[in-house]
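Input: a single structure, listed below in structure tokens.
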Amino acid sequence: MTMRLLPLLLLACLAGCDVIEQPQGLIPHWTTAYKEVISETDRSRLRDWRKTFVGSLDAARKSGHAAEIAREGPLLDPDAAIPGPAIPDGSYRCRVIKLGAKDPGNLDFVTYPPFACRIHAQRTLQRLTKLSGSQRYVGLIFPGDAIRKVFLGTLVLGDETRALQYRQDEGRDVAGYIERIGPNRWRLLMPQPHFESRLDVMELVPQGATR
């Protein structure tokens, strides 16, 4: 009996490695209108997103990363967003690039290998969860305008297994725009994150798809 249970226990432990426990609600009260829950700080961050994007690119180019930026194509083009279908539910390869050092000693261009992300329905919205890595985003995707949606969430750090509710700790709040930049390619722009960089850009490509 014990020997038969061991494989099941091992599978349960492995499955739990990618689980981030959620608070009762990711937002203080349920709504599909992001303007009803967004903080004033995050309003400002989103309002100035393009200025932040351009300034972060300039800093990275001045640090000698023009070639790397050019290789990324639409991913690091502030005006690359295109209309089209919303990002679908499913599993994604998500790759993060950090642009523009927030503080002395930080780098102006840092790129990470792909991690695992998942998007699935959360009542009448969608929830995005970055499942691996030392900085994991968890949040909701809200309707925005004709070419972008709004992401509001929080940051899970290190070996933490529970996400904070949005606006529970301003230092953990994340706000961004999700944009389509290709047939099977989206990005999440996160201007003025609280850690390390001036702009975080996450590329989202469905598992098994080519860019």
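For T52, the conditions (1) crowded, with 18+ Cβ neighbours inside 10 Å; (2) within 20 Å of L125 (Cβ to Cβ) are fulfilled apart from (2). Considering only the stretch 150-158, I want to know if a residue exists there that is among the hydrophobic types (A, V, I, L, M, F, W, C) and in contact with an Asp or Glu (Cβ under 6 Å, 6 or more places away or on another chain). No, the stretch 150-158 contains no residue that is among the hydrophobic types (A, V, I, L, M, F, W, C) and in contact with an Asp or Glu (Cβ under 6 Å, 6 or more places away or on another chain). Taking the stretch 38-94 as the region of interest, the helices (runs of 4 or more DSSP H) fully inside it that hold 3 or more residues being among the aliphatic types (A, V, I, L, M) and more than 18 Å from E196 (Cβ to Cβ) are 66-71. Take the conditions (1) out of contact with any Ser or Thr (no Cβ under 6 Å at 6 or more places or on another chain); (2) part of a strand (DSSP E or B); (3) within 30 Å of A33 (Cα to Cα); (4) β-branched (V, I, T); V110 misses just one of them, which is (3).
Read-outs: derived from the displayed coordinates by stated rules, not from any lab. Computed from a prediction, not measured in an experiment: that's the story for all the values here. Neighbour counts run over all protein chains shown; Cβ positions are idealised from the backbone, glycine included.
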